[in-house]
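Inspection log for the structure reproduced underneath, given as C-alpha cells.
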Amino acid sequence: MSLVTLPELLEHAGKNRYAVGYFESWDIYSLEATIAAAEANRSPVILGIGGLSGNHEWLQSGGLELYGAACRTLADRAKVPVATLFNEAESFSEAAGGLGAGFNSVMMHTQGWDQDKLIADTASLVAAAHALNIAVEGEIGALAEIKDGVLDEAGASYTSPESAEFFVKETGVDCLAVAVGNVHFVTGGHIPTVQVDLIKEIGNAVNVPLVLHGGSGTPDDQTRRAVEAGITKVNVGTKLKHVFGQALVAELGRPVEDPNLVFGSRFEGDANSRAGVALTKEIQRLMDVFGSTGQAGR
Ligand SMILES: [Zn+2]
C-alpha cells in the first residue's frame, strides 16, 4: 500500500482489465478529497497536479515543491496504492524540475512539438527520471481541445500504431498517452467519439500501458469501452474543478458568520471541505466507471 510506482499500478490494472484514474488536483483540499475517494472505494489512484492550465512562473518558483511534498505526504499515509504525477510539464526543464520534488512520475505536454525535439527531449527525460526510479509518461499525437466553448481541432492528430511503436522504442517511456478522438477541457455539450479499434491497434503495436487524456468529456460508456480495449490510465481534470467550483459557490452563497470556521478549520463548517465532499463523490463515481473500485490490495 501507500506509494507505489506508476508502472506497478498500471501493470496490475492491465492484468485485471481496469483503469487507474489520474484525478488532477489543484490544492490540498482536492488532493485530500481524491485520497478520501480512493480509500472509500478501496481503489488504486494517481495523485498529482498539472501544468497545462497553470502559471509556469509560479510552478517553477516553489509551486512544484509545495505540490510534490503534499502529494508525497498523502501517498505515504494512504491505505491504498498511490502513484504521484507531475502532469503536462511545459518543457524538459520544467519536467526535470519536478524530478526531485516528490513525484514518482512525470509527463511533458509535447503536442505541436516537431518530431526530433519530441524524441530527443523525451529520451533525455526518461534517462534522467529512470536514474531516480521515476517513471515517464510520453505522448504521441495531439488532442483536439475546447477553446472558448468551441471545438478546436486545428492542431489535432490521431496517434498511429506505427508512430506509437517508433516513439516507444526510441524513447523508452513507461506508458503512452494516445490521441484517439478524445478531447481536452470538455465541460459543455460536446461529445467526443473515441476510436476503440485504434486503441486496440496501438496496444498491439507497443508493449507499454496506454493512457486516455480528456476524461472530463468522454461519456461513461465510451470510457468503459476504451478500458475494455486496453486503456489502463484515464486522466480527469476540468470536470473535477467544475464539480468542486459549483459546490463551493453554493457553500459561499450564504453569509460567512465565522471566517475561522469557514476557511481552513477542517471542521464540518469548512467551505472547502464541504465542496471536497462533492468532489470525492464524483471521483468515487468515476472509479466505478473505470473499474478500479475494490482493486486495492487484490
Ligand atoms: Zn491531458
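The values are calculated or read from the model by the stated rules, or taken from the named source; none is laboratory data. The model shown is predicted, which means the values in this text are computed figures rather than measured ones. Positions of Cβ are backbone-derived with ideal geometry, glycine not excepted, and every protein chain shown enters the neighbour counts. We work out accessible area using only protein heavy atoms, side chains counted, and drop any ligands, DNA or RNA first. Shrake-Rupley method; radii C 1.70, N 1.55, O 1.52, S 1.80 Å.
How many residues does region 227-270 hold that are open to solvent by 60 Å² or more (accessible area, probe 1.4 Å) and among the hydrophobic types (A, V, I, L, M, F, W, C)?
7
Could we say that A70 is modelled with pLDDT of 95 or more, under 21 Å from V227 (Cβ atoms) and either surrounded by fewer than 24 Cβ atoms within 10 Å (Cβ to Cβ) or more than 16 Å from the ligand (Cβ to nearest atom) (or both) here?
no
Would you be able to tell me the number of residues in region 211-265 that are of a type in the set (S, T, Y) and more than 16 Å from the ligand (Cβ to nearest atom)?
Qualifying residue count, region 211-265: 1.
Quick grid of which residues meet (1) within 14 Å of the ligand (Cβ to nearest atom); (2) open to solvent by 40 Å² or more (accessible area, probe 1.4 Å); (3) on the phi > 0 side of the Ramachandran plot:
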position	(1), (2), (3)
A135	no, no, no
E162	no, yes, no
C175	yes, no, no
V178	yes, no, no
H190	no, yes, no
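Results for (1) open to solvent by 40 Å² or more (accessible area, probe 1.4 Å); (2) over 20 Å from A177 (Cβ atoms); (3) outside any strand (DSSP E or B), shown as yes or no for each residue.
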position: S43; (1), (2), (3): no, yes, yes
position: I46; (1), (2), (3): no, no, no
position: E94; (1), (2), (3): no, no, yes
position: F103; (1), (2), (3): no, no, yes
position: W113; (1), (2), (3): yes, no, yes
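Which ones in region 73-105 are away from the ligand (no atom under 16 Å from the Cβ) and among the acidic types (D, E)?
D76
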